[in-house]
Amino acid sequence: MQNYYQPEIECMPQADMKALQSRRLKNQVWHVWDNVSYYKEKMVKAGVTPDDIKSIDDLHKLPFVTKDDLREAYPYGLLGVSLRDAVRIQSTSGTTGRRVVAFYTQHDIDLWEDCCARAIAATGSTKDDVVQVAYGYGLFTGGPGMNGGSHKLGSLTLPMSSGFTERQLQFMCDLEATVLCCTPSYAEFLAESIEESGLTDKIKLKAGIFGAEAWSNEMRLRIEEKLGIKAYDIYGLTEITGPGVSFECCEQTGMHINEDHFVAEIIDPETEEVLHEGSKGEIVFTCITKQAFPLLRYRTRDICVLSSDACSCGRTLKKMSRLMGRSDDMLIIKGVNVFPSQIETVLIEYGLSSNYQLVIDRHNHSDTLEVCVELTPEMFSDTVRAIERRERELHEKIKNILGIAAKVTMVAPKTITRSEGKAIRVVDKRKI
């Protein structure tokens with residue numbers, strides 16, 4: 001039996017959802033027009049007014065917002081309410097130059113927590129579960145979002161934050177946590193630590209909700225096997241709201257978008273043309289309920305596919321596929337487009353660790369790519385000759401996938417620095 005948090009929304013007929021989205025979009029466009037001068041100027045420049053937006057079919061008429069706009073408008077240029085009505089900020093991590101700061105009213109926080117509660121419920125969890133939140137807290141949205149969602153669902157919440165692995169394992173065992181929320185790279189790190197500590201039989205986990213970084217299906221299967229759980233993907237951006245923009249159900253074939261709050265489009269990242277459903281392209285989101293930071297047509301740079309196909313879970317919310325890369329974070333090496341996820345898939349299929357690092361450099365005006373990957377403990381016991389053979393074989397496999405050669409360096413287990421937050425997968429040393 002499926003578990004829902006708000007079945008009247010999650011299972012709403014698509015025609016009714018479209019009507020709801022259209023009403024909310026019209027109200028939101030007027031809200032932005034009246035309160036966000038930065039975006040109003042973009043609309044005027046594009047030759048569009050709120051009267052031109054009568055339904056979501058008119059969404060394409062609105063101008064896009066990009067991360068550059070967010071940085072340019074920093075800090076208050078895109079604030080949609082008076083400062084006295086804003087109760088919180090969250091901020092992106094790892095940006096260059098000006099950080100992106102997103103604002104929230106209490107209303108925004110309530111709706112965000114509802115979205116996260118839907119995601120937790122979709123794993124089959126209820127108020128009888130114990131949810132361990134090992135995402136970072138503070139400015140990062142992961143911890144606060146899942147913490148609030150767990151509260152809304154009524155589950156006992158362990159606000160662990162990331163790091164302090166020994167303490168994570170103690171609480172996981174003593175309080176019998178059943179749901180783990182963290183990045184997939186930290187989930188794998190915890191799985192290794194559980195095995196090394198001899199605690200496998202004491203772990204009661206049944207589900208994991210992992211996001212904030214791209215991960216392959218091969219990595220999912222690996223985590224599920226190590227932790228004995230079902231691993232669910234979750235998607236979100238600080239700019240939009242945080243985790244809970246979309247979430248996986250029991251089918252694990254894509255993430256249901258919380259369409260009563262976010263309208264999704266797929267565009268060609270080069271031409272900005274809106275593509276038909278089922279096409280691969282960049283996903284663009286419009287916030288139709290957020291008051292303090294109401295972004296319209298925000299270009300995420302994330303590449304995926306949208307689908308309205310019926311789902312066995314009973315939810316009618318449109319699905320987005322797992323991320324297939326990013327249009328801006330895509331690596332161009334020797335003129336070839338390379339996504340780290342392509343290499344990760346090869347490594348895991350070859351039976352290697354999913355803890356790896358790509359080092360890109362430039363020598364004599366030519367790009368170089370080195371793939372550093374940890375051997376498994378079993379492989380590490382091989383002879384030097386056997387390891388060199390594995391490196392050659394992996395070199396050929398990667399060359400066949402990417403079309404370019406990469407140096408493969410296999411290192412001892414736990415040699416590559418573990419990240420307890422987001423994994424640093426790429427080190428680009430080129431000065432271009």
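The values are calculated or read from the model by the stated rules, or taken from the named source; none is laboratory data. Note that the structure is predicted; figures quoted are calculated from it, not measured. So basically every Cβ, Gly included, is an ideal-geometry build from the backbone, and we count neighbours across all protein chains shown. Quick note on the areas: whole protein, heavy atoms, side chains included, nothing else; ligands and nucleic acids left out. Shrake-Rupley method; radii C 1.70, N 1.55, O 1.52, S 1.80 Å.
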Being more than 23 Å from residue 244 (Cα to Cα), among the aromatic types (Phe, Trp, Tyr) and either surrounded by 16 or more Cβ atoms within 10 Å (Cβ to Cβ) or at pLDDT below 95 (or both) is the requirement here; does residue 164 meet it? yes
Among the listed residues 262, 247, identify the single one that is touching a residue at least 40 places away in the same chain (Cβ under 8 Å) and surrounded by 23 or more Cβ atoms within 10 Å (Cβ to Cβ). 247
Matching residues in segment 100-128 - criterion: being surrounded by fewer than 23 Cβ atoms within 10 Å (Cβ to Cβ) and more than 14 Å from residue 247 (Cβ to Cβ): 100, 101, 105, 106, 107, 109, 110, 111, 126, 127, 128
By residue number, the members of segment 147-161 that are in contact (Cβ under 8 Å) with a residue 40 or more places away in the chain, open to solvent by 10 Å² or more (accessible area, probe 1.4 Å) and either in contact with a Pro (Cβ under 6 Å, 6 or more places away or on another chain) or not basic (Lys, Arg) (or both) are 153
Would you call residue 201 more than 21 Å from residue 109 (Cα to Cα) and free of Cβ contacts under 8 Å to residues at least 12 places away in the same chain? yes
Would you pick out the residues in segment 329-352 that are in a loop (DSSP other than H, G, I, E, B) and surrounded by 13 or more Cβ atoms within 10 Å (Cβ to Cβ)? 329, 330, 334, 339, 350, 352
Can you name the residue in segment 129-144 that is surrounded by 24 or more Cβ atoms within 10 Å (Cβ to Cβ) and small (Gly, Ala, Ser) and is also nearest to residue 175 (Cα to Cα) among such residues? 134
Evaluate segment 174-188: report whether one residue or more is open to solvent by 10 Å² or more (accessible area, probe 1.4 Å), modelled with pLDDT of 95 or more and in contact with a helix residue (DSSP H, G or I) (Cβ under 8 Å, 6 or more places away or on another chain). no
Any chance segment 189-198 includes a residue that's in a loop (DSSP other than H, G, I, E, B), surrounded by fewer than 21 Cβ atoms within 10 Å (Cβ to Cβ), modelled with pLDDT under 95 and not aromatic (Phe, Trp, Tyr)? no
Would you check which residues across segment 309-328 are closer than 18 Å to residue 118 by Cβ, exposed (fewer than 15 other Cβ atoms within 10 Å of the Cβ) and out of contact with any Phe, Trp or Tyr (no Cβ under 9 Å at 6 or more places or on another chain) and list them? 312
Of the residues 331, 375, which single one is within 25 Å of the chain's Cα centre (by Cα) and either touching a residue at least 24 places away in the same chain (Cβ under 8 Å) or not assigned by TED's automatic domain parsing to the domain that holds residue 248 (or both)? 331
Examine segment 66-83 for a residue that is in the same structural domain as residue 152 (by TED's automatic domain parsing), among the acidic types (Asp, Glu) and more than 26 Å from the chain's Cα centre (by Cα), and state whether such a residue exists. no
Filter segment 399-412 down to residues that are surrounded by 16 or more Cβ atoms within 10 Å (Cβ to Cβ) and in a helix (DSSP H, G or I), then give me how many there are. 1
Among (1) touching a strand residue (DSSP E or B) at 6+ places or on another chain (Cβ under 9 Å); (2) open to solvent by 40 Å² or more (accessible area, probe 1.4 Å); (3) not hydroxyl-bearing (Ser, Thr, Tyr) - the single one residue 355 does not satisfy: (2)
Among the numbered conditions (1) part of a loop (DSSP other than H, G, I, E, B); (2) more than 29 Å from residue 38 (Cβ to Cβ), tell me where residue 323 comes up short. (2)
Inspect segment 142-155 for any residue being at pLDDT below 95, in the same structural domain as residue 109 (by TED's automatic domain parsing) and not in a helix (DSSP H, G or I) and give the result as yes or no. no
For residue 396, work out the one condition from (1) modelled with pLDDT under 90; (2) under 19 Å from residue 339 (Cα atoms); (3) open to solvent by 40 Å² or more (accessible area, probe 1.4 Å) it doesn't fulfil. (1)
Options 201, 302; residue that is part of a helix (DSSP H, G or I) and not small (Gly, Ala, Ser): 201
In segment 216-245, what residues are part of a strand (DSSP E or B) and within 20 Å of residue 103 (Cα to Cα)? 235, 236, 237, 242, 243, 244, 245
